[in-house]
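Here's the structure we're looking at; comments come further down.
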Amino acid sequence: MPRECGIATFTTDLCTALATEFGEGRLFAIPVNDPDSSYEYPEQVRLELDQEDLATYERAAEFLNFNGNDIVCLQHEYGIFGGAAGRYILVLLRKLKMPLVTTLHTVLREPDANQRIVLEEIAQLSDRLVVMSELAAQLLREVYAVPSGKIDVIPHGVPDLPFMDPNYFKDKFGTEGKSVLLTFGLLSPNKGIENVIRALPSILERHPNVVYIVSGVTHPHIRRREGERYRESLQALAEQLGVSDHLILNNRFVSAEELVEHVGAADIYITPYRQEAQVVSGTLAIALGAGKAIVSTPYWHAKELLADKRGVLVPFEAPNAIAEAVIALLENDAERHAMRKRAYLYSRGTTWPKTAKAYMASFQRARFERSLQPKATNPDDLAIIPTASLGHLPVLRSEHIVAMTDDTGMLQHSIFSVPNAREGYTTDDNARALIVSTRLACGAMDGGPIKYASLSRRYLSFLWLAFNSDTGRFRNFMGYDRKWLETVGSEDSHGRALWALGTVLGQSQDAGLRGAAGRLFEGAVPAALKFTSPRAWAFSVLGIQAYLGRFPGDRAMQGVRNELANRLLNIYERSSNGTWHWFEKSLSYSNARLPQALILAGWCSNNKRMVEAGIEALEWLAAVQHRGDPEIFVPIGSNGFYVEGEDKSRFDQQPVEACAMISACLEAYRLTHEEQWRTEAGRVFGWFLGKNDLQVPLYDPTTGGCRDGLHPDRVNENQGAESTLSFLMALLDMQASTGTSAEETYREMSASC
């Protein structure tokens, strides 16, 4: 809920019962949206399926896998999933790696070909099957050849209502002193309500104080096709028979609280369904649980629930039989009350708390059985994207990042082009390396994805080692002896790690990498909300948005992204003035990542003010980072930075600044299609190739490395991790923007909002 659907109501009640009995924990729901619909779901919903969008089923499977969930419980009904007989759900189920328990809300004795195919595969993929009646279990065995040992019969849960006199609630409906007949649920022609209306004249001849309440909206699918034709036909029939004064059509979707009152007010509950092939009726179960006298047609579930005089069964399409049964119950108080008591006592084993415990037992059994007999999972398809011409851009070479990587991860520094083991490792650099290797694998360049996936595993392994699950934080500096030099790393290193993990989740085609990254990502995100560093916010936003490129419906992650982006916007609006359009009163390092994160988050959350502020800041930063010749990029120097009202530091100029500026400009271009941004990115990229203050190239085409920066009088010849990775990231961005790499297509797809 709030979707108006019996399955939605059942799922809501089951989730609530499980949470009440066993704690909220990591229990969440993935609902299905019917076509052209959206709903304001509660926080318990992390992801949504679009009924006819097959891709959302695939993404949901991946989401469930990397989150490390223990169990998936599917509520199955043919009509709520896309494809023939709802076969789209099979795409999700085939990819699941954890045990699956499926509740079958419909089991047909004579399925058509598509229905049989779907249910048989669901039965094969499920570790346990839950049905709500013994007949449904029998059909599974006899029609679908499901082994008995795989089936759990768990009756439909019912609210734990007191056994009360109906007169207590009748004033709520203006029916004091009257005998109340009730039918509730979603209206559709197969419910047979017209047969009760046809029975009213005979009932009223003997009991003129009877009123018939029909509570519920028209089924959304029926309403979409036919409008309110069925409800109007019921009203017209009542008028034709002269009983309209005794009919109350309560056109509303009854809440759980209201349901207690509606059912409580009924003297007799009626389910006049027109077909027998219904293995479960939630409304009938609820009426039984409330201790109602019940008249019903003999559909499958009713025959089982109302056996042993717990109700009265009448033939299908038989108004006279309905009238006779109602009159008999109204005229025999003793029998009616005895029936109520039998129904109430029988239902005590099916209250929601007991139902939740029965489901938990099924879940535990499924996990135990899976541990004894593991299932092979289907590997994700690995789509290899061909490499396009590199045009006028430098040829991308990866030799240096391979040289800088050992069994532990990427080393931090180099002496010229030789790795400097003495300086050890950082989470910062392994996060950057993971971003680059992931993107290289996606582009299938320079040796194909296998080579880069191997590097990605090394860097991701380092991040796992760096993460302290007790604190929820990454450590940053590690010595060459593999001993950590600190207990908690900087907020910025944590943000970069999130950025890297989000990139893997958003772009990698390697299912193993995505699974490992997903677990770590989930554990590391909460800490970002406690950070005070604007750059940590920005790095985290970039990572979360990369993740949302693959899982755009994750509302929890949308919330984190929006919170961090709003913080950036707030500090920008507090700090910015007529001459200083920036987030702080100084420009320091990785500057362009701040407007980049704000532009991207604003665009993807449809926040125009964020986009405007981000563009304004980026335009100002671009102007600040030029001096003299407008074609020459001059990043803010690291020796003093740039404080408002003071002189800018011109040196040392760092590759990380050029990389950030290129990424931000190309993000602005990708979203706005304004050519000025691609032009600016080209100018900045020229800085790596010698179009800089010293007219010296920083990129070394012989090694594939990048020199560490510009001093006032020379280039820093060391080719450390940060510099080399910054160049490679910038080159990948330029390739994507000019169409010289097939990565462009994949990046556009995975980064779309």
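Annotations for the structure displayed:
- Here is the tail figure for the range 625-731: Cα pairs spaced more than 21 Å apart come to 33 percent of all pairs.
- Only Cα sites of the range 215-257 enter the Debye sum here, all with the same form factor; the resulting log10 I(q)/I(0) across q = 0.20 1/Å is -0.69, listed in q order.
- A cut-off under 12 angstrom between Cβ atoms defines the neighbours of TRP582, and their net charge, with Lys, Arg +1 and Asp, Glu -1, is -3.
- For the pair the range 83-161 / the range 1-32, the C-alpha centres are spaced 19 Å from each other.
- Pairs of C-alpha atoms in the range 399-750 farther apart than 33 Å represent 21 percent of all such pairs.
- With Cα atoms, 0 to 90° folded angle of helix 352-372 axis to the chain main axis: 50 degrees
- Within the chain, helix-based [θ] at 222 nm, where runs of 4 or more DSSP H residues each add -39,500 (n - 2.57), nearest 500: -15500 deg cm²/dmol
- Rounded to the nearest 10 degrees, the angle from helix 608-624 to the longest Cα principal axis of the chain is 0 degrees.
- Computed on the Cα atoms alone, the convex hull of the range 513-562 gives a volume of 73 cubic angstrom per residue.
- All Cα-Cα separations within the range 1-75 were binned at 5 Å from zero, giving a P(r) of 3, 14, 26, 27, 20, 9, 2, 0, each value a whole percent of the pairs.
- Per-residue packing, averaged as other Cβ atoms within 10 Å, sorts the ranges 412-425, 29-42, 486-499, 581-594 into the order 486-499, 581-594, 412-425, 29-42, beginning with the highest.
- 3J(HN,Hα) along the range 52-65, derived from phi through the Karplus expression 6.51 cos²θ - 1.76 cosθ + 1.60 where θ = phi - 60°, amounts to 9, 9, 4, 4, 5, 5, 5, 5, 5, 4, 5, 4, 5, 5 Hz, with x in place of Gly and Pro.
- Between the Cα long axis of helix 229-241 and the first principal axis of the chain there is an angle of about 20°, rounded to the nearest 10.
- Positive contributions from Lys and Arg (+1) and negative ones from Asp and Glu (-1), summed over other residues with Cβ under 13 Å from the Cβ of ARG609, come out at -2.
- Per-residue HN-Hα couplings for the range 460-468 [Karplus 6.51, -1.76, 1.60; θ = phi - 60°; Hz; x = Gly/Pro]: 5, 4, 4, 4, 4, 5, 6, 7, 9
- Taken over the alpha carbons of the chain as equal point scatterers, the Debye sum produces base-10 log I(q)/I(0) values at 0.07 Å⁻¹ of -0.62.
- Values of log10 I(q)/I(0), in the order q = 0.10, 0.17 Å⁻¹, for the range 166-347 under a Debye, Cα-only, solvent-free model: -0.34, -1.09
- Violating pairs (Cα-Cα greater than 20 angstrom) within the set LYS97/LYS451; LYS292/LYS341; LYS178/LYS292; LYS95/LYS451; LYS150/LYS303; LYS150/LYS357: LYS97/LYS451; LYS95/LYS451; LYS150/LYS303
Read-outs: derived from the displayed coordinates by stated rules, not from any lab. Every value quoted in this text rests on a predicted model; they were computed, and no experiment measured them. Every residue, glycine among them, receives a Cβ derived from its backbone with ideal geometry; neighbour counts consider all protein chains shown.
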